[in-house]
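Let me begin by presenting the structure, written as structure tokens, before commenting on it.
The values are calculated or read from the model by the stated rules, or taken from the named source; none is laboratory data. Because the structure is a prediction, the values reported are computed rather than measured. Note that we place each Cβ from the backbone using ideal geometry, even for glycine, and neighbour counts take in every protein chain shown.
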Amino acid sequence: MSSELEAAAAPLYRRVVEALRREILTGALPPGARLPTEEGLCRRFGVSRHTVREALRRLREERLVTSRQGAGSMVAPRAEPPLYVHDVASVEELLQYATETRYEAGSSRFVIAQGGLAERLDCPPGTRWLRVEGFRYAPDVTLPICWTEVFVHADYGRVGDALGQRPGPVYALIEEMYGERVTEIEQTLRGAALPAAAAAGLAAKPGGAAIEIRRAYRLATGRLAEIAFNLHPAERFSYSLTLRRGAATA
């Protein structure tokens, strides 16, 4: 893989899934609407019947469509996705969140932080980062819980070669590949709006209310190695923080 990572091409079935999901969520295909036949979808997207069937299977897993033998597929009634509760009482539990959830990276490339991006990352203009975006999934849940945008300092950019090849969170790849250790995590929550691309994958309304969690991972040297932005639909997210009083203040 070259040092400059190009945006990864999505699998064919994913392109079909994203297009149909967008039409379902925007109401272009309302609940009860019948989808085109497999043959029709093959013609529309220029893909094989196997690809169409895999896309429909994924949409069924997300409960966006239903299928019956001989009757084709139709848009399912809209159901409320489950509430995701994030409960944190220690740094270990915060890191466990990244370990227990599954991150599926969709694309990655190197970027130079200038202007608004430099302000967003709170870094000097001209700093080079590996930018990765994708969706995060909770165990045994087919619908993503959030859209995740990760920035890895270019000095640790080789982790891009391992994405999708090794399990585990991005920070763990940095520790493993570079012999470093994450010792401090700065976390910030703020309100945000869901961009259209993220909303489609989350089965949420574009521009809808969201909670953005920004996490900055620092190494033992104090160096900033990774910054991650997790965007959750507001109505499906709950955050719980436990504070314990020390003996000296009892």
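List of remarks:
- Flag for residue 242 being loosely packed, with under 13 Cβ neighbours inside 10 Å, modelled with pLDDT of 85 or more and out of contact with any strand residue (DSSP E or B) (no Cβ under 6 Å at 6 or more places or on another chain): no
- Residue check, residue 16 modelled with pLDDT under 55, in contact with a helix residue (DSSP H, G or I) (Cβ under 8 Å, 6 or more places away or on another chain) and either assigned by TED's automatic domain parsing to the domain that holds residue 140 or under 15 Å from residue 201 (Cα atoms) (or both): no
- Answer from 172, 113 - the residue that is without any contact (Cβ under 8 Å) to a residue 60 or more places away in the chain, in the same structural domain as residue 232 (by TED's automatic domain parsing) and among the aliphatic types (A, V, I, L, M): 113
- Every pair of residues 6+ apart whose Cβ atoms lie under 9 Å, when the first sits in segment 197-208 and is farther than 19 Å from residue 61 by Cα while the second is of a type in the set (Gly, Ala, Ser) and not in a helix (DSSP H, G or I): 206/193; 207/193; 208/193
- Cβ-Cβ contacts under 7 Å between residues 6 or more apart (or on different chains), taken from a first residue in segment 33-47 that is small (Gly, Ala, Ser) to a second residue that is surrounded by 13 or more Cβ atoms within 10 Å (Cβ to Cβ), are listed as 33/74; 33/75.
- Single match in 157, 164 (criterion: more than 13 Å from the chain's Cα centre (by Cα), at pLDDT 85 or above, in the same structural domain as residue 205 (by TED's automatic domain parsing) and among the small types (Gly, Ala, Ser)): 157
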